[in-house]
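Right, one structure below, let's go through it.
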Amino acid sequence: MRQAEIVRDTKETKIKLAINLDGDGKYEVDTGIGFFDHMMTLFACHSGFDFFVACEGDTRVDGHHSVEDIGIVLGKAISNALGDKVGIKRYASATIPMDESLATVDIDVSGRPFLVFNADGLSGKVGDFDVELVEEFFRAVANYGGITLHVNLRYGSNSHHKIEAIFKAFARALSDAVKIVSDKLPSSKGVLE
């Protein structure tokens with residue numbers, strides 16, 4: 001089974017995260033941030049992975065450390081669970097509508113981290129959640145997961161819907177990219193790094 005568990009314990013956050021890329025969709029989410037719980041639940045549900053995350057963070061400051069550190073831990077867990085990446089599909093895309101919003105996420109599980117984040121007009125807050133943390137989360141996932149990640153919010157007017165479309169598209173694209181489709185490494189170089 002392709003699975004990993006990561007524990008991160010700093011002065012800012014205490015996180016435990018487990019993922020099973022070959023699971024059957026069981027999940028449990030407690031980030032300490034209501035809206036982010038919702039997004040991580042959507043990620044878990046739409047990826048189909050078994051996923052567990054619990055975070056105690058310094059949310060009295062704000063949500064930044066918790067959101068970014070969960071991204072770091074998720075990226076590391078994905079990378080660890082993938083191992084040598086033999087047989088994965090590697091590339092995938094997903095476009096997801098959420099009412100008036102539409103988002104596309106394109107992924108290359110290449111071992112080379114890079115984030116392109118095009119989400120014009122995504123600012124302010126959803127409840128107590130700073131919307132700018134969405135980009136911080138995906139940057140951390142890309143950097144620590146060794147993933148090239150392009151997030152394109154095509155349009156939308158409701159911030160909740162825009163972010164939801166992005167997280168669902170990410171979940172679907174990642175789930176597709178890590179599927180086992182052969183017994184070969186999908187690289188002409190013979191390595192994904």
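Only the coordinates and a few stated rules stand behind these numbers; no lab work does. Keep in mind the model is a prediction, meaning the values are calculated, not measured. Here the Cβ is made from the backbone with ideal geometry for all residues, glycine too, and neighbour counts use every protein chain on show.
From the phi of every residue in the stretch 117-127, what ³J(HN,Hα) in whole Hz does the Karplus formula 6.51 cos²θ - 1.76 cosθ + 1.60 yield, where θ is phi - 60° and glycine or proline is x?
Karplus values, whole Hz, x for Gly and Pro: 10, 10, 9, 4, x, 8, 7, x, 9, 10, x.
In the chain, which helices (entire DSSP H runs) extend 24 Å or more along their own long axis, judged by Cα positions, while averaging at least -1.0 on the Kyte-Doolittle scale?
Helices meeting the criterion: 64-82, 159-177.
Placing unit charges on C-beta atoms (Lys and Arg positive, Asp and Glu negative, everything else neutral), compute the dipole magnitude of the chain about its Cα centre in debye, rounded to 20.
Here the size comes out at about 740 debye.
If a/c stays under 1.5 just call it rounded; otherwise compare a/b with b/c (prolate if a/b is bigger, oblate if not). Do that for the stretch 63-116, with a ≥ b ≥ c from the square roots of the Cα gyration tensor eigenvalues.
Oblate, since a/c reaches 1.5 and b/c is not below a/b.
May I ask what percent, to the nearest 5, of DSSP beta bridges between residues of the chain are antiparallel?
80
In whole percent, what relative contact order does the stretch 42-155 give with Cα contacts below 8 Å and a gap of six or more residues?
Once divided by the residue count of the stretch 42-155, the mean separation gives 33 percent.
Using amide H atoms built 1.01 Å from N in the peptide plane, name the residues 5+ places from TYR27, or on other chains, whose amide H lies under 5 Å from its own.
PHE51
Calculate, in nm to one decimal, what PHE52 and SER123 gain on full extension: separation in residues at 0.36 nm each, minus their alpha carbon distance.
22.7 nm
Can you put MET39, MET1 in order of Cβ neighbours within 10 angstrom, beginning with the fewest?
Exposure proxy ranking, most exposed first: MET1, MET39.
Give the relative contact order (percent, whole number) for the chain; include only Cα pairs under 8 Å separated by 6+ residues.
26
Would you mind ranking LYS89, LYS184, LYS168 by Cβ crowding within 10 Å, fewest neighbours first?
LYS184, LYS89, LYS168
Expressed in nm to one decimal, what extension gain is obtained for the pair ARG154 and GLU132 from 0.36 nm per residue of sequence separation less their Cα-Cα distance?
6.2 nm
Counting other beta carbons within 10 Å of each Cβ, put LYS189, LYS125 in order, fewest first.
Going from least to most buried by this count: LYS189, LYS125.
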